[in-house]
1. Could you tell me which of the residues B:Ile46, B:Ile17 is closer than 16 Å to B:Gly198 by Cβ, at pLDDT 95 or above and either out of contact with any Phe, Trp or Tyr (no Cβ under 9 Å at 6 or more places or on another chain) or within 10 Å of chain A (Cβ to nearest Cβ) (or both)?
2. Taking A:Leu333, is it within 14 Å of chain B (Cβ to nearest Cβ), surrounded by 19 or more Cβ atoms within 10 Å (Cβ to Cβ) and within 24 Å of A:Lys243 (Cβ to Cβ)?
3. Tally the residues that are surrounded by 17 or more Cβ atoms within 10 Å (Cβ to Cβ) and over 16 Å from the mean Cα position of the chain (by Cα), restricting the search to region B:112-127.
4. Find all pairs meeting these conditions: Cβ atoms under 8 angstrom apart; at least six residues apart or on different chains; first residue within region B:45-58 and within 19 Å of A:Met423 (Cα to Cα); second residue of a type in the set (Lys, Arg).
5. Taking A:Arg119, is it of a type in the set (Lys, Arg), touching a residue at least 60 places away in the same chain (Cβ under 8 Å) and within 24 Å of A:Met421 (Cβ to Cβ)?
6. Run down A:Val437, A:Val450 and say which single residue is away from chain B (no Cβ under 14 Å) and either part of a loop (DSSP other than H, G, I, E, B) or β-branched (Val, Ile, Thr) (or both).
7. Would you confirm whether any residue within region A:376-388 is of a type in the set (Gly, Ala, Ser) and part of a loop (DSSP other than H, G, I, E, B)?
Amino acid sequence: MQITKKIIEKHGLSLEEFKNIKKLMKRDPNLLELGIFSAMWNEHCSYKSSRIHLKKLPTKGKQVIQGPGENAGVIDIGDNDAIVFKIESHNHPSYIEPYQGAATGVGGILRDVFTMGARPIALLNSIHFGSPSHPKTKSLLNGVVSGIGGYGNCIGIPTVAGETKFNETYNENILVNAMAVGHAKKDKIFYSRAKGINKSVVYVGSKTGRDGIHGASMASAEFDENSEDKKPTVQVGDPFTEKLLLEACLELMKDDSIIAIQDMGAAGLTSSSVEMASKGSLGIELDLEKVPCREENMTPYEMMLSESQERMLIILEDGKEEHARKIFNKWDLDFVVIGKTTNTRNLTLNFHSKLVGEIQIDALATKAPVYKRKWVRKKIKKSKLDIKKIRNVNFEEALIKVLSSPNHSNKSWVTNQYDQMVMGDTVQRSGSDAAIVRIHNKDKAIAVTVDSSANYCKSQPKAGGKQIVCENWRNLISVGAKPLAITNCLNFGNPENEEIMGEFAECLEGIKEACEFLNYPVVSGNVSFYNGTNKKNIFPTPVIGGVGIINKLSSPINHKLKKDKSLLLLIGKTFGHIEQSCFLKENFSIIEGSPPEINFFNEKNNGEAVLNLITQGLANSVHDVSNGGLIVALCEMAMSSNYGIKIEKPKKIRNPIEYFFGEDQGRYIVEINKDNLMKVEKVLQKNDIYYELLGITQKKYLEIEGLMKSNINDLFKINSQWYNQY
Amino acid sequence: MNSSVIVFPGSNCDRDIAVALEKMQFKNKMVWHKDTTLPKSDLIVIPGGFSYGDYLRSGAIAGKSLIVNEIIKAANSGCLILGICNGFQILTETGLLKGTLLRNKNLKFINKDVNIKVINNKTKFTSKYNLNQILKINVAHNEGNYFTKESHLEELNKENLIAFKYCDEKGVVNDLSNPNGALENIAGIFNAKKNILGMMPHPERMVDEMISNTDGVNLFSSLINK
C-alpha cells in the first residue's frame, strides 16, 4: 500500500515528521509501521511539546522512591509502606461518550497504580463542565458522574474526594481527570523495565477488540463539528474484568515471577511493548496471531493500535509460565505468551510466521520528536474594576448568590453516587478540605486532595500555578497531614498557539517555584493538550493531586465545628483581594484583574504552625480559606456541623465586602477551646504568625455583628438546592 | 463461633465483613465461589459487591453458581445466613428470600448514611438491639428498591419478618425517609424460619468509631451470643 499524504495526515503526523520517520527507518514504512509511529509520536504518548518544560519540575526528595517516567509515582511513608499514585486525563473520550469515557478514565488510572504492585485504596477526580445553561452540560454531568461511580463502585475502591466545576470555557471540551492512590510494600514495587533476553512476553486480561483504535491520536487533535463521529474510538470499560485483573496481578506479585509489567493504556500493545523494551535497552518480538481477539479477522494494524481496556503485558522470569497461568486461569482471564525479549533493539512483529513490521525501538521512543515550541508571556491587563460599585451590594444577598451558585453548592448529589466507604478505611469522606484514608491494619493514614484554579491561571498563569500548589498543600495541612508529594494533570489548549504554549510554560514556572519552596515534589503526571474546539481553547487548567501523611491517627481533624462557645482564630493576613473572586463572578459576572498573591514564606510558616497546633491537639476543627473567602469558609464550617458562629465587628478593615469575600491566600480558620488560648497564642507568637481572634461558636445562627444573622439550616438549604433543581 | 464469607470474583465487601467478623471474635474462613464444599459454619455471609459484574440482573449469575447449592443445603438445615447488599440480591435470586431488588427510584447509585429502625428484635440477628431502635447505617447500591407480591408482603407483616425499615432520625417511616423507593421502606427481611437475613445497609461499615459509628456492632454480637 502506498503511503499517501492523506494517510499521513489521517495518522496525525506532519510531513516533516514523516520525512524524519523515513530517515530513521532508512526506507518507507508500511501502514502498520506508520500506525505504530503515529501512536508513539503523538502528543499524548511522546510529550513532544511539553517535555522540555516538564524537565524543570522538581521531582526528587527524601520521600520520593520513584518520580515521573514510570506507570505512577511512588513515595515513602515509613515502616516499609509506600504510596503509589498518579492522575490522568480522559477529556476527549468523555466529551464524546461521557459514561464510558469517564469510566475508562478511572479504569486506566487504576491499572497504572496496581501495575506497580500497589493495591488501590482511593480514587479522586477533578471534573469540569461548561456553563450549566449550555444544552450539553446536563447530560455530560450525568454521564460522567455515573461513569466514574459505575467503575469505582463496581471494582470496590472508594472514591473519596474531588472537585466538580462549571465554566463556559469548557462548553465544547469538558475535563475529566481521575487520580488513583495505592498502597504497596516498599520492597515490592514493580517496574516496567525489561531485563534479559529470550524472556516470555505475556498478554493477560481482556481480549483485544476494535475499540479505541487511534484513541491516543484522537486525544492529540482539536475537536471540530465532526467530533461526534469519533464515538467508535472511545473504549468501553469493564470494571468486573479489571477487578479480576487486579486480584490476579496482585496474587502473581506475591513472589518473584515478574521481571517487568506494563498496562496497555493509550496506544495499547504498541506503547506497552515499546516502553518496556526501551527502558531495558532491549528488543521485543511478538507473534501477533497469538493475541487473544474479541472480533474476527483482526489485522496486525488493529491489534497493535487497539485500546481495548483491562489488559496487561508482563515479562516473566524463566520457568514461571505455568505458575502464572494457573493464577490467571483461576480468575478466568486470558493468559498467552505472545512473544519474547531479544537483543536486537527492534520491535519485531510477526503474523502467522511472516514478518509484517520491524522498527528500531529507539526510533519510537528516545528519538521521538521533541519540540521547543514558541511561547509568549501573558501581558498583564490592568484591572478596570469599579470598587465603589461593588461595595454597595447587600452583604447577605451577595452571600446567598455565592452559596447558591453551581460552583459553591453542596456537592452531595455528586458524591452520593460514589461508594466512599468500601474497603473500610475511609476516615474522612469528601466534603472536607481533604479526604483521609487509613492504611489498612495500621494507626496511620494518608490525606488526599485535588485542586485547580482555572480563572486564576487564565489571568496570570504563573501566579495561578503557584496558587494551586499552595492551596493543595494547605488542604492537606487542614486535615492534619504533612504534605509529601504531588501528581499533576496539565489540561491546556493547542500548544501550536504561542499564547497557549505561554500559558503552559508560565503555569509550570509557578508550579515549579511552589513545589521547590514547599519541598513538595512532582512524582507523576499527565499532559493533555488540544483541549478546545475550532480554535477556541479552554482556560489553562492544571490540576494538582496531593498526598500527605498522618503518622498518628489518634483523632482525625476536619472542618466541622465541634463545640459551643469555642474560639475561632483566623491565621494569616487578610488584605481584601477581591479581583478574580467568586464574589465578583457570582454577583456581577466579572472575571477581572489579578489572582491573589502568594507569599511563600508566610504560606509555609502559617501551614507549619497550623500543623503544629493540630499535632499538639490544640485545634478542634480547621478549615482553609479559599474560593469565596472568609465568609464562605465560615459558612462551610457551620453548615457541616450543628453549630453557628458569632463574629464581632472586625475593627481595622477597609470594607466588609473585601474583608469577608476577599480571597487572600495562606489563611486558615482554627477552632480552639477557650482554655487553650494561651497555649495557642504562644505557638503562634513564637513562630511570628499573624492571627486575629474572629469570634466564637454558638448555637443555630451565623452572625456578624451589624452585618448579618442567618439561621444555619436556612443557609444549608440555600447551599443544597442547586443540584437537585438542575 | 465459625463463620464463612463467600467470595465471588466481583465481591468487594468481602474483606470488610471479614474484618468486622474477626473483630467480633468469629473464627472466619473465606470460601471461593468455585468451591463445592463449605467449611463447618454457624454463620454464612454473602458480602456486598458485584458478584460476576452484575451486567445482567444483580446477583442473577451468582444465584446459579456452584457454591450456592451448598448455601441452600446449609440454609435448609438451619444454618444462619446473612446477605448484605449484593448478598441480599443474591439471596432473592436463589429463592432463599422472596421478592426482588429493583433499581433505585432515582435511577442512581446511592452511597450515604441512612437511618433504619429495628422492626423485629426477637431474632438471632437482632436480639441485642431494642425494638424500634434507630440505627445510622451506610448504604451503597444501585438496586436496593425492595419489591414483592402482595401476598408475601402480608406474610412479612403478619409473621413479623421485616427486620429493618428506612426512617428519619426521629424514626418516622415515610417517603421522605425512603432512599430507594423500597416497598414500605423495607431495608431488610427474614425468611419464614428467621435463620436468613437479607439487608441492603452495610452493618460491617459501622463497627469502628474512627471510620463511622458502632451501630452495626450489635448485629454481630447478637449472632455470637445467639
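The values are calculated or read from the model by the stated rules, or taken from the named source; none is laboratory data. None of the values given here were measured: they were computed from a predicted structure. Glycine also receives a Cβ, built like all others from the backbone with ideal geometry; neighbour counts cover every protein chain displayed.
1. B:Ile17
2. Details: within 14 Å of chain B (Cβ to nearest Cβ): yes; surrounded by 19 or more Cβ atoms within 10 Å (Cβ to Cβ): yes; within 24 Å of A:Lys243 (Cβ to Cβ): yes.
Yes, satisfied.
3. Of the residues in that region, 0 qualify.
4. Close Cβ pairs satisfying both conditions: B:Phe50/A:Lys243.
5. On the way: of a type in the set (Lys, Arg): yes; touching a residue at least 60 places away in the same chain (Cβ under 8 Å): yes; within 24 Å of A:Met421 (Cβ to Cβ): yes.
It is true that A:Arg119 is of a type in the set (Lys, Arg), touching a residue at least 60 places away in the same chain (Cβ under 8 Å) and within 24 Å of A:Met421 (Cβ to Cβ).
6. Only one candidate passes the filter, namely A:Val450.
7. The answer is yes, given that some residue of region A:376-388 is of a type in the set (Gly, Ala, Ser) and part of a loop (DSSP other than H, G, I, E, B).
Residues checked against (1) surrounded by 21 or more Cβ atoms within 10 Å (Cβ to Cβ); (2) within 22 Å of A:Met179 (Cβ to Cβ); (3) in contact with a Cys (Cβ under 9 Å, 6 or more places away or on another chain):
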| position | (1), (2), (3) |
| --- | --- |
| A:Cys507 | yes, yes, yes |
| A:Glu513 | no, no, no |
| A:Pro521 | yes, yes, yes |
| A:Val527 | yes, yes, yes |
| A:Pro542 | yes, yes, yes |
| A:Val547 | yes, yes, no |
| A:Ile550 | yes, yes, no |
